[in-house]
Amino acid sequence: MFTNENSADAVYGSLGESRWSMECDENVNVLSLWWNEGTCHLMGYDYDKEYFQTLPPFTHLHPDDLKHTMTALQNVLNDQSGLLKFDIEHRFLTANGQYKWVRSVGKPIRNEEKKRIKFYGLITDIDDHKKNELKRQKDLIDALAAVKHANNAKTQFLNNMSHDIRTPMNAIIGFTALAAGHIDEPEKIKDYLKKITTSSKHLLSLINDVLDMSRIESGRVKIDEKEVHLPDVFHDLRAILQPDIFSRGIDLLFDTLGVINEDVICDRLRLNQILLNLLSNALKYTNPRGTVSVRLIQKPKAPKGYAHYEIRVKDNGIGMSKEFQKHIFEAFAREKTSTISGIQGAGLGMAITKNIIDMMGGTIEVHSKLGKGTEFIVNLQFRLNSNPIVYDKIDELQNIRVLVADDDVNTCYSVSQMLQEIRTQFAIQSGDEYGAFTIDWMMPDMNGIEVVRRIRKVIGNAKPIIILTAYDWSDIEEEAREAGVTAFCAKPIFMSELREVLTKPFRLPVLNKKQEKLNHFEDKKILLVEDNELNREIVTEILQNIGFEIDDGDIAVSKMKYAKRNQYDLILMDIQMQRMDGYVATREIRTLPDSQIANIPIIAMIANAFEEDKKADLEAGMNGRIAKPIDIAHLLEILSNTLKGD
């Protein structure tokens, strides 16, 4: 018998109209549960049903709310003061199968033996309030996450930009200094100027990424259409990417198919951005000895006065997941896998690319498989130049058979089509002598130069032999001349350029290999630790020109571990490397057992030339630092001061 049973009405009166009562034992085992008419109506049930007089306990609670509801009940039962009230928010299943947020409030009344407890309480509908509150909380959490993501993205973006911008700056300043030291060597000057131009364009593209994303988001980017010669665009692209191609050991293939109209009206800067972003992306995510291909196709059935082009950029790199393909064109998007650790990039390239293509009225799609590679397909339509070039017939090339040798079947097919267009008749007699030869420089079984040597032994010097290549040929020009090469033709190959090569007499210049060396450091040998091919080339030539012997590599610890005493006089250590950063490498070298080797002078080469980084240099055991881009005079001063005690 409950001694305070008569107080139930007073409890209900203080709590409200949607009433409930529950009888349970001290372990919260429910013995009975009852709702009044108001509670039944609140939950959408019919009060007349006897079901609610024997309602199974807690079956209508949301599973996620059961634990904390039971805990709250147990806490009230364990309270000996009798002051603690059951007051909790939870979800309850309504008659329509939906959960409703309610507030349950109750007070216990114990019987004389204190083994049976009866709760009297009420339920209040708080569904709208609770859902609004939860929505506000979710919005705040999402907003906080968005701010955090934006801050992290901006921080990463600025860090990447700081490093990436200094790399082409280093090339520009370094090659400018080298050019000044070889003013009487035209071929070297030409090579340096070409690399300066390439690096300048790369630097411009990085700066444009930063500016364009802001301008695109504010709607201030405009398309500036002018006359454009497509071969110039693609050859400039190849030159810009040349350092990355060599440094990563990737095979880059260019080819064209059905390109009749080479002169169009478009925004050259934006087209170059599209191509550079797609190719840079492909090169970054393709492993060494992998392949990246670019194909330009002119599609038929374009409207009159227009040309429709399809650009396919394909690689056999790491690929991407189906889920990430949905986000690839979002700003700062990068798929986070261990495979891509160490890859530089701000994550803006694909977002900018998509926006530019949209503004140019084109489309882009991506196809990718993890571990298999990725292909981007871009479709663009350009107005044709109002004054197209009309090619005259070349009488000298009529009925001449041409041998096309290339390990890429697409290139062979494309060049063959062009040659048939150039000639009005095609000699098919098997006994016809070849009138010209086009040979790919890089073939799997034998390089093009050796092929030329063998052909010259058979045919003599009368027929032209043209080398097709997607690479910089300046380093092999002298060898090519000696072998008998008539001319070079850069991939991708366009009709206008092939005509010019076949009709214009070529004479390759003799390279002047003379090189004056300063003798200040002739007996000194430096270990250059730099994993960027372009930077390594610059520093190597600078140091060799002043007399140093240079050994290079990107694994400094291993080199020094097995080095002999006095094998090296000094180490130039790049700080930012993928395998092991320069600080870690320096610390490990300082712990080598041979004290003479362990104490070798180490000069840091660092892109982040901030004062606060000097402390890190000293803590790692560095003897000094040189900032990138490298100031040659400052470098010589540091080297002189470091080695003057030897």
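Summary table below
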{"item": "Estimated FRET transfer efficiency (ARG454, ASP184; beta-carbon r; R0 41 Å; 0.05)", "result": "0.65"}
{"item": "Alpha carbon centroid spacing (whole Å) that separates the range 522-561 from the range 243-282", "result": "32 Å"}
{"item": "Likely footprinting exposure, LYS195, LYS314, fewest C-beta neighbours within 10 Å first", "result": "LYS314, LYS195"}
{"item": "Cα Rg, Dmax (largest Cα-Cα span) when computed across the range 226-284, Å", "result": "12.4, 36"}
{"item": "Inter-label distance for GLN596 and ASP142, nm, one decimal - labels placed 7 Å from Cα along Cα-to-Cβ", "result": "6.9 nm"}
{"item": "14 Å beta-carbon shell around HIS129, net charge (K/R +1, D/E -1)", "result": "+2"}
{"item": "Contour minus Cα-Cα distance for HIS229 and THR197 (0.36 nm per residue)", "result": "9.7 nm"}
{"item": "Anisotropy class of the range 525-643 from Cα gyration tensor, a/c 1.5 cut", "result": "rounded"}
{"item": "Candidates per GluC sites (Glu not before Pro) in the range 67-118, loop by DSSP, up to 14 other Cβ within 10 Å", "result": "GLU112, GLU113"}
{"item": "Protection proxy ranking of 168-178, 563-573, 184-194, 60-70 - average other beta-carbon atoms within 10 Å, highest first", "result": "168-178, 563-573, 184-194, 60-70"}
{"item": "Using θ = phi - 60° and Karplus 6.51 cos²θ - 1.76 cosθ + 1.60, couplings along the range 354-370 (whole Hz; Gly, Pro as x)", "result": "4, 5, 5, 4, 4, 5, 8, x, x, 9, 9, 9, 10, 10, 8, 9, 4"}
{"item": "Linear extension gain, GLU478 paired with ASN387, 0.36 nm per residue minus alpha-carbon span", "result": "28.8 nm"}
{"item": "Peptide ranges 288-295, 142-149 listed from the most packed, as the mean C-beta count within 10 angstrom indicates", "result": "288-295, 142-149"}
{"item": "Within-14-Å neighbourhood charge of ILE265 [Cβ basis; K, R +1; D, E -1]", "result": "-2"}
{"item": "Residues LYS201, LYS615, LYS131, sorted so that the one with the fewest Cβ neighbours within 10 Å comes first", "result": "LYS615, LYS131, LYS201"}
{"item": "Protection-proxy order for peptides 353-362, 79-88, each taking the mean of Cβ atoms within 10 Å per residue, highest first", "result": "353-362, 79-88"}
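No value in this document is a laboratory result; all are computed from the given coordinates. Everything numeric in this text was worked out from a predicted model, so none of it was measured. We place every Cβ from the backbone using ideal geometry, glycine too, and count neighbours over all the protein chains shown.
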